[in-house]
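Participant: Got a structure for you, questions after.
The values are calculated or read from the model by the stated rules, or taken from the named source; none is laboratory data. None of these values were measured; they are calculated from a predicted model. Every residue, glycine among them, receives a Cβ derived from its backbone with ideal geometry; neighbour counts consider all protein chains shown.
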Amino acid sequence: MFNLKKDSISHRAQVSGISPEHKDYLHRVRMEKIFVRVIQLLIFCTALLLWEICANAKIVDPFITSQPSRVLKTMIRLYVDGVLFQHIGITCLEAIVGFVLGTVLGTLIAIMLWWSEFLCKVLEPYLVVLNSLPKIALGPVFIVWIGAGPAAIIVMTLAISLIVTVLEVLNGFLTIDQEKIKLVQTFGGTKFQVLTKVLLPASYPTFINALKINVGLSWVGVIVGEFLVSKAGLGYLIVYGGQVFKLDLVMTSVIILGVAATVMYQGVVYLEKMLVKNKT
Amino acid sequence: MKPVVEVHNVGMKYQSLNGEITALDNINFSVNDGEFVSIVGPSGCGKSTLLSIISGLIFSTSGTVFLSGEKVMGTSPKIGYMLQKDHLFNWRTIYQNVMLGLEIRKNVTRSTKEHAIKLLRTYGLYEFKDKYPNQLSGGMRQRVALIRTLVTDPQILLLDEAFSALDFQTRLVVNDDIYDIIKKENKTALLVTHDISESISMADRVVLLSKRPGTVKNIYEINLNCDNRTPLSSRETPEFRYYFQEIWKGLDVHV
């Protein structure tokens, strides 16, 4: 039984002398990976090219559909005007603040609800209603209460991601093996120690999951907020572009938005990888 | 000899909306210093409830439990509890897992750290101390769980079906292993199990509980004729079968 570890090591050593079959297999795996990448790139280029050609040949009206070269021009013009990064910056800042606040506050509320079963029972119907309610409907309320500006947008973002986080994290807490909690109690552990020694570390996959969901939700919140009220930001550019029929501006903003949201999501994935590496 | 654990007229009733369930009724027995006692009974007879009561995790609805003459009023550092599974925390290294109890009791000092290292070294786990639990075999994990309990230096070990999550072969080896450690460290042990062979092979005495509501049906003194007794060699003694038959009859199992 105690040789198990050594056995597996010697087994691995045997494998490290690569057989032709294994080499062949590795080669096939690598080729497939490259093939997938090439096709992906091909689809992307073809789509852009088709879009450009169709617009130039007036098959589609570039005034309505815009076209890649116009998007590029718009981007450059925004950059030259010095407002490109201002718009991106404001939107990203609102998204990140909303995202972090939503996750932290959501977790704190989930801890409170776990701590007091009574509170959890009392608040349950309210949580159900708040969870079902389309939070966007609260937009005008926030604007009137908080005033038109980034603060209202952040609150909008928070409203969208908060309840989901609370329910997700609380559910994570409740599915943790009761025996692990009992183990801490057999050592005379307090409720606070159960929280810090078991619940929080064991909920680590739940947190990552909540983060991933919140990345998407916070972008929804920010854009909706900017649609309703703002003087700057990507959502503002989209709405403004739509109102004055500048589809170039709308398309440009949507594309930038797509890139920014992906970068933020990948950031969370990267964070997860970093943390996992440290844990196992 | 003065008993370390005294269970005195203990009864336990559970309340639910559908009524009242009597899990344990008037339980009396005691465990002497250095003794190994097994509790066997059919499933659902309240064996685990009894251990939880002795450990002070829950309170009986009647009767009292004394540890070295003191009434149990809550969890006590005198007691080490081993659960059915090892419940090692995946996010902690072996060493950090072993230190869990000391951290909770706020007793991480130089000497307790040294004690932990010494135990890991004695029981062949020192070289794994910076590994994570998923890198260890089931038997080794159980051994780590025992060290996690031993490092808090309890007088009495409560083993709650501590081997039932292991496959049979591993279980026989771990039985020997843990028995050996418990005897070396000179601990008193109370094992709850539904496995008759296991209970006889490890114990000096076997307490047989009846179906719910659990009561003490009989207590068997296990006297086996063998030198250097281990759980495995116990199974080979002629008396083993006799005790098995007796307890089997006493269990009165109907399917």
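Participant: Just to be sure before I move on: is residue A:111 surrounded by 11 or more Cβ atoms within 10 Å (Cβ to Cβ), touching a residue at least 12 places away in the same chain (Cβ under 8 Å) and of a type outside the set (S, T, N, Q) in the structure I sent?
Facilitator: Details: surrounded by 11 or more Cβ atoms within 10 Å (Cβ to Cβ): yes; touching a residue at least 12 places away in the same chain (Cβ under 8 Å): yes; of a type outside the set (S, T, N, Q): yes.
Yes.
Participant: Do we find a residue being without any contact (Cβ under 8 Å) to a residue 60 or more places away in the chain, within 11 Å of chain A (Cβ to nearest Cβ) and either among the acidic types (Asp, Glu) or under 20 Å from residue A:186 (Cα atoms) (or both) anywhere in segment B:107-121?
Facilitator: From segment B:107-121, those without any contact (Cβ under 8 Å) to a residue 60 or more places away in the chain are B:107-121; that's our starting set.
Retained after the next criterion (residues that are within 11 Å of chain A (Cβ to nearest Cβ)): B:107.
Narrowing further to those that are either among the acidic types (Asp, Glu) or under 20 Å from residue A:186 (Cα atoms) (or both): B:107.
Yes; the residues of segment B:107-121 include at least one that is without any contact (Cβ under 8 Å) to a residue 60 or more places away in the chain, within 11 Å of chain A (Cβ to nearest Cβ) and either among the acidic types (Asp, Glu) or under 20 Å from residue A:186 (Cα atoms) (or both).
Participant: Also, I was wondering about something else. Identify, by number, the condition in (1) surrounded by 24 or more Cβ atoms within 10 Å (Cβ to Cβ); (2) within 16 Å of the chain's Cα centre (by Cα) that residue B:214 doesn't meet.
Facilitator: Checking residue B:214 against (1) surrounded by 24 or more Cβ atoms within 10 Å (Cβ to Cβ); (2) within 16 Å of the chain's Cα centre (by Cα), the one that fails is (2).
Participant: Related question: How many residues are closer than 30 Å to residue B:82 by Cβ and small (Gly, Ala, Ser) when one looks only at segment A:128-184?
Facilitator: Of the residues in segment A:128-184, 1 are closer than 30 Å to residue B:82 by Cβ and small (Gly, Ala, Ser).
Matching residues to (1) more than 23 Å from the chain's Cα centre (by Cα); (2) closer than 22 Å to residue B:165 by Cα:
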| site | (1), (2) |
| --- | --- |
| B:82 | no, yes |
| B:92 | yes, yes |
| B:97 | no, yes |
| B:100 | no, yes |
| B:104 | no, no |
| B:108 | yes, no |
| B:125 | no, yes |
| B:130 | yes, no |
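Participant: Exactly one of (1) under 23 Å from the mean Cα position of the chain (by Cα); (2) within 14 Å of chain B (Cβ to nearest Cβ); (3) aliphatic (A, V, I, L, M); (4) buried (at least 19 other Cβ atoms within 10 Å of the Cβ) is unmet by residue A:194. Its number?
Facilitator: Here residue A:194 meets the rest and fails (1).
Participant: Can you name the residue in segment A:198-224 that is buried (at least 18 other Cβ atoms within 10 Å of the Cβ) and among the aromatic types (Phe, Trp, Tyr) and, of all such residues, is modelled with the highest pLDDT?
Facilitator: By that ranking, first place goes to A:219.
Participant: When you look at residue B:153, is it more than 9 Å from chain A (Cβ to nearest Cβ) and either surrounded by fewer than 18 Cβ atoms within 10 Å (Cβ to Cβ) or among the basic types (Lys, Arg) (or both), yes or no?
Facilitator: Taking the combined requirement at face value, the residue satisfies it.
Participant: Are any residues in segment A:13-60 among the aliphatic types (A, V, I, L, M), assigned to a helix (DSSP H, G or I) and closer than 30 Å to residue A:251 by Cβ, and if so, which ones?
Facilitator: Narrowing segment A:13-60 to residues among the aliphatic types (A, V, I, L, M): A:13, A:15, A:18, A:26, A:29, A:31, A:34, A:36, A:38-39, A:41-43, A:47-50, A:53, A:55, A:57, A:59-60.
Keeping just the survivors that are assigned to a helix (DSSP H, G or I) gives A:13, A:15, A:26, A:29, A:31, A:34, A:36, A:38-39, A:41-43, A:47-50, A:53, A:55.
Across segment A:13-60, the qualifying residues are A:36, A:38, A:39, A:41, A:42, A:43, A:47, A:48, A:49, A:50, A:53, A:55.
Participant: Continuing with the same structure: Taking the options B:72, B:5, name whichever one is under 15 Å from the mean Cα position of the chain (by Cα) and crowded, with 21+ Cβ neighbours inside 10 Å. Full working, then the answer.
Facilitator: Numbers: B:72 fails: under 15 Å from the mean Cα position of the chain (by Cα).
After applying the criteria, what remains is B:5.
Participant: Scanning segment B:68-106 for residues that are in contact (Cβ under 8 Å) with a residue 40 or more places away in the chain and out of contact with any helix residue (DSSP H, G or I) (no Cβ under 8 Å at 6 or more places or on another chain), which turns out farthest from the other protein chains (Cβ to nearest Cβ)?
Facilitator: B:69
Participant: Mind listing whichever residues of segment B:132-147 are more than 14 Å from the chain's Cα centre (by Cα) and either in a helix (DSSP H, G or I) or surrounded by fewer than 21 Cβ atoms within 10 Å (Cβ to Cβ) (or both)?
Facilitator: B:132, B:133, B:134, B:135, B:137, B:138, B:139, B:140, B:141, B:144, listed by residue number.
Residue by residue, here is whether (1) over 21 Å from the mean Cα position of the chain (by Cα); (2) within 14 Å of another protein chain (Cβ to nearest Cβ); (3) under 30 Å from residue A:236 (Cβ atoms) holds:
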{"site": "A:148", "(1), (2), (3)": "yes, no, yes"}
{"site": "A:155", "(1), (2), (3)": "no, no, yes"}
{"site": "A:158", "(1), (2), (3)": "no, no, yes"}
{"site": "A:162", "(1), (2), (3)": "no, no, yes"}
{"site": "A:170", "(1), (2), (3)": "no, no, no"}
{"site": "A:177", "(1), (2), (3)": "yes, yes, no"}
{"site": "A:188", "(1), (2), (3)": "yes, yes, no"}
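Participant: Got a number for residues in segment A:229-280 being in a helix (DSSP H, G or I), farther than 29 Å from residue B:133 by Cα and of a type in the set (S, T, N, Q)?
Facilitator: 5
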